[in-house]
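Asker: Before I ask anything, here is the structure I am working with.
The values are calculated or read from the model by the stated rules, or taken from the named source; none is laboratory data. Note that this is a predicted model, so its numbers are computed, not measured. With ideal geometry, Cβ positions are generated from the backbone for all residues, glycine too; neighbour counts draw on all protein chains shown. Heads up: the accessible areas ignore ligands, DNA and RNA and are worked out on the full protein's heavy atoms, side chains in. Shrake-Rupley method; radii C 1.70, N 1.55, O 1.52, S 1.80 Å.
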Amino acid sequence: MRSIRFLSVTAASLLVGLGSAAPAVSAPPGATVTVTSPAADSVHPVNSSLFVGWRNDTGQEVDVWLAQGDGAGGTQRVFKLASKASSKPTSELVAAVPAVPSGTEYTVEVTTRETGVHGYSAPFEVGPVRANGPGVGTGSDSGSDSGSGFGSGSDSRGVPWPSLSWVQAQDGHSPR
């Protein structure tokens, strides 16, 4: 009986070894991903809408990340805004700005799922919109409900509604 088990384990491992060779996926030579929005130096409050646009000539689906510069020319991913986004040549999406610390040097990274071809947006700021600045965010974290059903506030009993950041943290997706 032991020899039968040994043979079946050996046969299984051979089949797994032979079946795991998948063809490599490669992007066309010179393929690029170019992030066209958000605009440089724009300001986006937490929980506001962030409009992201890109051009993708790889033909592959992309993931969309919020990233922040480290001051030394590198970036670190902070939050995944979308998974398996469109593979069309020109695409856009709307995501809620997650609850991240206020600061500058935030960017959006759009990266292909298969080959890692990626592009970055121009740097922008997450924080309160300045009175004289180029703010393009469409919401705020001021605690008042704008009537959209997505702001913070409370119900008729005074129980606070969950913030968008709480909803995003639960399932990793933008609720919009």
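Asker: Can you spot a residue in segment 50-58 that is in contact (Cβ under 8 Å) with a residue 12 or more places away in the chain, over 14 Å from the mean Cα position of the chain (by Cα), surrounded by fewer than 17 Cβ atoms within 10 Å (Cβ to Cβ) and closer than 15 Å to Thr34 by Cβ?
Answerer: yes
Asker: Another question, if that's okay. I need the strands (runs of 3 or more DSSP E) fully contained in segment 62-176, keeping only those with at least 2 residues that are in contact with a strand residue (DSSP E or B) (Cβ under 8 Å, 6 or more places away or on another chain), at pLDDT 75 or above and open to solvent by 60 Å² or more (accessible area, probe 1.4 Å).
Answerer: Answer list for segment 62-176: 75-85, 90-96, 103-112, 118-120.
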